[in-house]
1. Does the range 52-80 hold any residues that are touching a residue at least 40 places away in the same chain (Cβ under 8 Å) and assigned to a helix (DSSP H, G or I), and which are they?
2. Return yes or no: is D42 more than 16 Å from the ligand (Cβ to nearest atom), at positive phi and modelled with pLDDT under 90?
3. If I ask for residues that are surrounded by 14 or more Cβ atoms within 10 Å (Cβ to Cβ) and more than 26 Å from the chain's Cα centre (by Cα), which ones from the range 31-57 would you list?
4. Please go through the range 241-271 and give me each residue that is away from the ligand (no atom under 13 Å from the Cβ), in contact (Cβ under 8 Å) with a residue 12 or more places away in the chain and in a loop (DSSP other than H, G, I, E, B), ordered by number.
5. What do you reckon, is L281 within 14 Å of G113 (Cβ to Cβ) and more than 10 Å from the ligand (Cβ to nearest atom)?
6. Based on what the data block shows, is F327 at pLDDT 75 or above, of a type in the set (F, W, Y) and in contact with a helix residue (DSSP H, G or I) (Cβ under 6 Å, 6 or more places away or on another chain)?
7. Filter the range 70-93 down to the residues that are surrounded by fewer than 23 Cβ atoms within 10 Å (Cβ to Cβ) and small (G, A, S), then identify the one that is farthest from the ligand (Cβ to nearest atom).
8. Would you pick out the residues in the range 94-120 that are near the ligand (Cβ under 8 Å from one of its atoms), assigned to a loop (DSSP other than H, G, I, E, B) and of a type outside the set (G, A, S)?
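The values are calculated or read from the model by the stated rules, or taken from the named source; none is laboratory data. All figures in this text were calculated on a predicted structure; none of them were measured in a lab. For neighbour counting, all protein chains shown are included, and Cβ atoms are generated from backbone atoms with ideal geometry for every residue, glycine included.
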Amino acid sequence: MFDNLSDKLEATFKKLAGQATINEVNIGIAMRDIKRALLSADVNYKVAKKFVEEVREKALGQDVVKSVSPAQMIVKIVSDELTEIMGGENKPLDLNTKKLPAIVMVAGLQGSGKTTFCAKLAKRLKKNGKHPLLVAADVYRPAAVDQLKTLGEQIDVPVFALSEQDALKTAHQGVDSARKNGNDVVIVDTAGRLQVDEDMMVEAEALKDQLKPEELLFVVDAMIGQEAVNTAKVFNDRLDFDGVVLTKLDGDARGGSALSIKQVVDKPIKFMSVGEKVDDLDVFYPDRMAQRILGMGDIVSFVEKAQETLDLEKTRKMQSRLLKNEFDLDDFFDQLQQLKKMGSIQGLVEMVPGLNKMIPKQDLDGLDFKPIEAIISSMTKQERATPEIINGSRRQRIANGSGTRVQDVNMLLKQFKEMKKMMGSVTKMTNSGRKILPQN
Ligand code: GDP
């Protein structure tokens, strides 16, 4: 996701890097490039236009600060503005209710990933100490009920379904059953159609009126590009939902919907789904996403994910070494082993600055870290700790020893160096509580 946009933005910033000052001319060129990049990432036209206008205005209005280069300043402005258009900060689910159970109603088109999301959310809530009940009110697609039952079994969460095709009755009885059995949250999976259709809307409106859900979430497939925003608008006009769940951000989605939806419907994106497995759900943080778009990875999410999955002692050590910028190739090797345990590799790879450039996309599915692992294993302990000491002849021997080419060894060392540099700047900025800027 966002690869193309990230590359184009990077190219724009590079062009600015050689400029001594920001002026109407170079900012004009940069804004034209950024606008094109946004449009080709499927960002809504009005949103892209407003975006570059705001950035231009802020950039030209800035006092020149000696220690900051024009490129750095623009990166910061773009980063802040990206964060802003995606909603500023995460809006968490609000499940506060005087009368249990709290109700989450989930709506969206068929195939958007609704049913899968319901299960993912149930798993997340359960982990946070809740006792969810899944309700199969997507009664017209028989497979949807079975799918929810299967997912429910997988995550050990009960599923309520009726044999009748009556969504309202199913939902009401589901809520009653939750009340009786002490379930504190009910997640209602509703029917979708392939396209927006009147019957579906009427039924969804009735469900909303009667259930009065604490959260009505609209699920939308990011891969459908501009259409995601149009669909969101139609659903919002009718249902006035509380938040958006963007799905399939692991695929070829160009990401434009993530950047446009908040602006167009003025509802926050609360979650993003990044794979088919029940763990592939992330809370949506606009600032972290902006950093990811700018190719700076998302170390915070990465470490959080690690904390969820890995043994705490190891994670703490890794975190502290990252923060002290003592991260070496041994840690990197360790991290690759851990990565394998952590689920959707593609999503994780994007969180680590530089790592997405090290591993070709086609290798991600097959988890082919083997060449990297082989290269690191062929180094001595001292070389792994201080890769700078590896000279030309050692590089050749490492290549021979690992069954790779010397170019592969060079590439790994170069990328590792860049990754460390990037982490250094992330760490510095995080430590000083400031926004992130690249170091050149
Ligand atoms: P529904 O019709 O809206 O309930 O959609 P489903 O939950 O059945 O999902 C439709 C298809 O999309 C299924 O094959 C899911 O496995 C897949 N899917 C759902 N979410 C994601 C995601 O985030 N990434 C990917 N790659 N596939 C997903």
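1. Restricting attention to the range 52-80, the residues satisfying the condition of being touching a residue at least 40 places away in the same chain (Cβ under 8 Å) are 62, 64, 68-76, 78-80.
Of everything in the range 52-80, those that are touching a residue at least 40 places away in the same chain (Cβ under 8 Å) and assigned to a helix (DSSP H, G or I) turn out to be P70, A71, Q72, M73, I74, V75, K76, V78, S79, D80.
2. Values: more than 16 Å from the ligand (Cβ to nearest atom): yes; at positive phi: yes; modelled with pLDDT under 90: yes.
So D42 fits the description; yes.
3. R56, the sole residue that qualifies.
4. F241, D242, R254, G255, K267, P268
5. Numbers: within 14 Å of G113 (Cβ to Cβ): yes; more than 10 Å from the ligand (Cβ to nearest atom): no.
Here the answer is no, as L281 does not meet what is asked.
6. Details: at pLDDT 75 or above: yes; of a type in the set (F, W, Y): yes; in contact with a helix residue (DSSP H, G or I) (Cβ under 6 Å, 6 or more places away or on another chain): yes.
Answer is yes for this residue.
7. Ranking the qualifying residues of the range 70-93, first place goes to A71.
8. L109, Q110
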